[in-house]
Each structure stands twice: as structure tokens, then as C-alpha cells.
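Inspection log for the structure reproduced underneath, given as C-alpha cells.
Every number in this text was worked out from the coordinates using simple rules, so none of it is lab data. Bear in mind the structure is a predicted one, so any value in this text is a computation, not a measurement.
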Amino acid sequence: MIAQEDAAEAKVRQAADDARKAASKLSIFTALSMLIGAFIACAAAAVGGQQRDVH
């Protein structure tokens, strides 16, 4: 009985660890994509401003 409880506890810990790793990867990917999007928005605004001033 104790061995079954230990096995179940290990399984739960492994599932929690996997979920934590997945959430960490997702948050890093989200932050990186938002940073890239902000850079592209700034570059597009600069190009658009220059085109507006020329015409």
C-alpha cells in the first residue's frame, strides 16, 4: 500500500514538473514574440512617418 502511494506521489510530482516546464517555455516564447512585435511596430511607425513627411 505504501509503495502504491509513493508511486502515485512520484507520478504527480512528475506531472507537476512537466507542467511547470511547459508553462516556463510558453512564457518565454510569449515574451520574446511580444518583444519582436514591439520592435516591428516601432520600425513600421518610423517608415510610415517618413513616407508621410515625403508625400
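For the chain, what log10 I(q)/I(0) values come out of the Debye formula at q = 0.17, 0.24, 0.26, 0.27 1/Å, with one point per alpha carbon and no solvent?
Log-scaled intensity ratios, in q order: -0.70, -0.88, -0.92, -0.95.
Per residue of the range 38-46, in order, report the coupling 6.51 cos²θ - 1.76 cosθ + 1.60 (Karplus, θ = phi - 60°) as ³J(HN,Hα) in whole Hz, putting x for Gly and Pro.
Listing the rounded values in order: 5, 4, 5, 5, 5, 5, 5, 5, 5 Hz.
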